[in-house]
Number of protein chains: 2
Amino acid sequence: MREKQFMIDCGEGTQIRMRQMNVKTNRLGHIFISHLHGDHVFGLIGLISSFGMLNRTADLHIHAAPELEKIMEPQLYFFCEGLPFKVIFHALNPKVHELVYEDRTVQVYSIPLKHRVPSCGFLFEEKPRDRHIIREMIDFYKIPIWRIPKIKQGDNFETEEGEVVPNEKLTTAPEKPKRFAYCSDTAYYEKIIPLIEGVDCLYHEATFMDDELVRAKNTQHSTAGQAATIALKANVGKLIIGHYSARYTNKSGLLNEAKAVFENTVLGEDMTIYDI
Amino acid sequence: MREKQFMIDCGEGTQIRMRQMNVKTNRLGHIFISHLHGDHVFGLIGLISSFGMLNRTADLHIHAAPELEKIMEPQLYFFCEGLPFKVIFHALNPKVHELVYEDRTVQVYSIPLKHRVPSCGFLFEEKPRDRHIIREMIDFYKIPIWRIPKIKQGDNFETEEGEVVPNEKLTTAPEKPKRFAYCSDTAYYEKIIPLIEGVDCLYHEATFMDDELVRAKNTQHSTAGQAATIALKANVGKLIIGHYSARYTNKSGLLNEAKAVFENTVLGEDMTIYDI
């Protein structure tokens, strides 16, 4: 997002998959951990250890429930002695919706979820971009360079003759800021709907199909139909489902169940890149 | 070995590979850890956690340097609460050659190695099997059933008429007990030769080729040529090399270098089964 690289969760084998996909990690500065179950964190120590061997020097920030730092401390101490970069833990409270990260162009919010342990999703939002100035207008109205930043932000321009040129004549609208929400692991939980309303893309877990509704409820996971219902009610652009139970070797049933409720659904698959 | 399943080292992704290969783990009771570098232990917590979800009930024994238990304790406590089986750590001293495991049919010895941290290999030895009794001889000499166990162990048989039938007439020799040695990670270290003398199969690391001899020495790893020299001097049956540096995308150079010294060398590869 905006030329940056973020990671959400880090299960066992993450670094192996990244190597297989030839993913460069020099722009990865922040990792967001949704909850402290092994399949979402066991890959962290290997990733950090390998970054050390690759002589990474940039700080690595990990946003997670506060217990994670305590659990990882003995491992980092023992296996990552002399690491050439800092690992900085940022404690987040999965139970509240709040800003957990912000830079010049991107904001990340937590989305409280409903799972067996405190768990939150993440909402990634691009900040509004500047308007695009029309080069011909700069020449035509002889706009001095120092005026351009303000015009990109919406100002009108007054010529030396006192003519006010409205901003719409000088600029075109920027790309709409993209919004992506990640919600896993969670039971069906309607409280997230207002928080993710209208996102361009929603990743929502779909561990089971509707015929396992009771099991989904007991394990605090969602069905494909429930994920699609959330997508529909939140009026999202696209739904990616994932986190399937191992019982579904063929995933077409999951996809069809979701598509019946929310047509623009795709199956989340390993080692696949999705545009938002 | 002898219908048992042992694991040596457990790097990140071990459980994933095992699932891909459809390896059943119900006979896996003992894991032996050569040394406490991440690439040899980071897969343990995920393996244990998954065993818990699969409702394993049999104890799992881990033989490793004593620090491992302390490092894993917070993770086991946090991620594996209510595990339906016991994880039992057995502290081993990588600096001495000693018996670290024994059952009715198999013995495992440690093999001190030379690496940047205390490190040991493992020698797996089948105990001698009973001789095979020749069924026709039981009938011919009317040997009572209660005499058979002793005859299988080498006793002669005396008939009611006082005739002594020598054991060689009653039995055939058992299969020779198999011996397998695993040596990784280690610099070239001749002190292991008497400990692994004549094993049927030796796994020896070969991180580099001979043109990186200095780097091998500095990082306390071996070259393919050195691994083969150990195999030759220890008069082993077969050599499997492995633990290659990522720089060798094509491994034929490593294999050729080893074969020039010790012909019966094979490349150790992921997800491959080798007979001993």
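The values are calculated or read from the model by the stated rules, or taken from the named source; none is laboratory data. Quick caveat: nothing in here was measured; it's all calculated off a predicted structure. Reconstructed Cβ throughout: ideal geometry from the backbone, glycine too, with neighbour counts over all protein chains shown.
For the stretch B:182-236, enumerate the residues that are charged (D, E, K, R), under 17 Å from residue B:120 (Cβ atoms) and in a helix (DSSP H, G or I). Within the stretch B:182-236, B:190, B:191 meet the criteria. Scanning the stretch A:88-106 for residues that are among the hydrophobic types (A, V, I, L, M, F, W, C) and part of a loop (DSSP other than H, G, I, E, B), which turns out farthest from the other protein chains (Cβ to nearest Cβ)? Filtering the stretch A:88-106 for residues that are among the hydrophobic types (A, V, I, L, M, F, W, C) and part of a loop (DSSP other than H, G, I, E, B), the one farthest from the other protein chains (Cβ to nearest Cβ) comes out as A:96. Summed over the stretch B:249-276, residues that are aromatic (Phe, Trp, Tyr) and at pLDDT below 95 total 1. Remark: pairs (first residue in the stretch B:75-87, within 8 Å of another protein chain (Cβ to nearest Cβ) and within 13 Å of residue B:46 (Cβ to Cβ); second residue part of a loop (DSSP other than H, G, I, E, B) and of a type in the set (A, V, I, L, M); Cβ separation under 8 Å; 6+ apart in sequence or on different chains) = B:79/A:36. If only residues of the stretch A:47-71 that are more than 10 Å from residue A:84 (Cα to Cα), more than 10 Å from every other protein chain (Cβ to nearest Cβ) and not acidic (Asp, Glu) are counted, the one that is surrounded by the most Cβ atoms within 10 Å (Cβ to Cβ) is A:64. Taking the criterion of being within 16 Å of residue B:38 (Cβ to Cβ), at the interface with another protein chain (Cβ under 9 Å from one of its Cβ atoms) and out of contact with any Phe, Trp or Tyr (no Cβ under 7 Å at 6 or more places or on another chain), the residues of the stretch A:15-46 that qualify are A:15, A:16, A:19, A:41, A:42, A:43. Going through (1) under 15 Å from residue B:7 (Cα atoms); (2) in a helix (DSSP H, G or I); (3) away from chain A (no Cβ under 14 Å); (4) among the hydrophobic types (A, V, I, L, M, F, W, C) one by one, residue B:137 falls short only on (1).
Of all residues in the stretch B:224-242, those that are more than 10 Å from residue B:264 (Cβ to Cβ) have Cβ atoms under 7 Å from Cβ atoms of residues that are modelled with pLDDT of 95 or more and of a type in the set (Asp, Glu), 6 or more apart or on another chain, in B:224/B:257; B:225/B:210; B:225/B:257; B:227/B:205; B:234/B:197; B:235/B:197; B:242/B:205. Tell me, yes or no, whether the stretch A:153-171 has at least one residue that is surrounded by 15 or more Cβ atoms within 10 Å (Cβ to Cβ), among the polar types (S, T, N, Q), in contact with a Lys or Arg (Cβ under 9 Å, 6 or more places away or on another chain) and not in a loop (DSSP other than H, G, I, E, B). Yes, that holds for at least one residue. Could you check, for the stretch A:50-61, whether at least one of its residues is assigned to a strand (DSSP E or B) and over 23 Å from residue B:42 (Cβ atoms)? No: the stretch A:50-61 contains no residue that is assigned to a strand (DSSP E or B) and over 23 Å from residue B:42 (Cβ atoms).
Among the residues of the stretch B:72-87, those identified as in a loop (DSSP other than H, G, I, E, B) and either of a type in the set (D, E, K, R) or surrounded by 15 or more Cβ atoms within 10 Å (Cβ to Cβ) (or both) are B:80, B:81, B:83, B:85, B:86.
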